[in-house]
Amino acid sequence: MCRKKINMKNAFTAAAEKLSVFKLPRYKDLPEIDLYMDQVISVSEKYLSALKVGEKSLITPSMINNYVKNGVIPPPNMKKYTRDHLAAIIIICSLKQTMEITDISVIINKITENRGMEQTFDSFAEIYESNFSSLVISADAASREKGESLYTIMVENAIISSAARTIVKYALSSLEEPAPKDPDPPKPQKKKKSKPEEIES
């Protein structure tokens, strides 16, 4: 049993070492030529290989088709995807574990309206790497130096993820414009009671 625990710790330490140096590409590093879907998937998987746990694919043709169908990314031109498509797909794959796709779409669209995709993607990559590396190093130190169990590390990071997700929800809610209030309906006017006519005597 003790050996099994040591092996699990060693496996986590090895994973942490790999993840602590994880880097996303920058916009200029993305292919300049337009790509077919299978090429988009291959390139995305290569850039995000460190995030893949187990055999489950990070991105599939059906996922990309759904993103297009639901307006998360624009449709391809002649079945080919541009550098902007690829950048958006990488952002989506990086965030979809903790955010709804529709929320990611709102964020991408709002930011790219002002900055364009190149600046949006490069800024995202820098922020993602910084925060990701910090969390990995902290988890690794908790395991190796403090001797915390992997279960404790899982719970602590799940709490961080949950709290961050809540903050994102409140931030998105604050960005939404309040629905216009319906004008108050006119109040019905009270009919004045007519005085009884005096009967002439």
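The values are calculated or read from the model by the stated rules, or taken from the named source; none is laboratory data. In this text the structure is predicted, and so the values were computed from the model without any measurement. For neighbour counting, all protein chains shown are included, and Cβ atoms are generated from backbone atoms with ideal geometry for every residue, glycine included. Protein only, heavy atoms only, side chains kept; ligands, DNA and RNA dropped before computing areas. Shrake-Rupley method; radii C 1.70, N 1.55, O 1.52, S 1.80 Å.
Observations on the structure shown:
- Scan of region 67-83 for residues that are among the charged types (D, E, K, R) and either touching a residue at least 24 places away in the same chain (Cβ under 8 Å) or within 30 Å of A15 (Cβ to Cβ) (or both), ordered by number: K79, K80, R83
- Residues within region 56-83 that are closer than 17 Å to K96 by Cα and assigned to a loop (DSSP other than H, G, I, E, B), tallied: 9
- The residue that is surrounded by the most Cβ atoms within 10 Å (Cβ to Cβ), among those in region 69-87 that are of a type in the set (K, R) and within 9 Å of D34 (Cα to Cα), is R83.
- Candidate set: region 17-40, residues that are among the hydroxyl-bearing types (S, T, Y) and in a helix (DSSP H, G or I); chosen: the one modelled with the highest pLDDT: Y27
- Selection status of L48, on the phi < 0 side of the Ramachandran plot and in contact with a Lys or Arg (Cβ under 7 Å, 6 or more places away or on another chain): no
- Single match in S143, S134, S123, S138 (criterion: open to solvent by less than 30 Å² (accessible area, probe 1.4 Å) and assigned to a helix (DSSP H, G or I)): S143
- The single residue among I59, I41, I64 that is surrounded by 15 or more Cβ atoms within 10 Å (Cβ to Cβ), closer than 26 Å to V106 by Cβ and without any contact (Cβ under 8 Å) to a residue 24 or more places away in the chain turns out to be I41.
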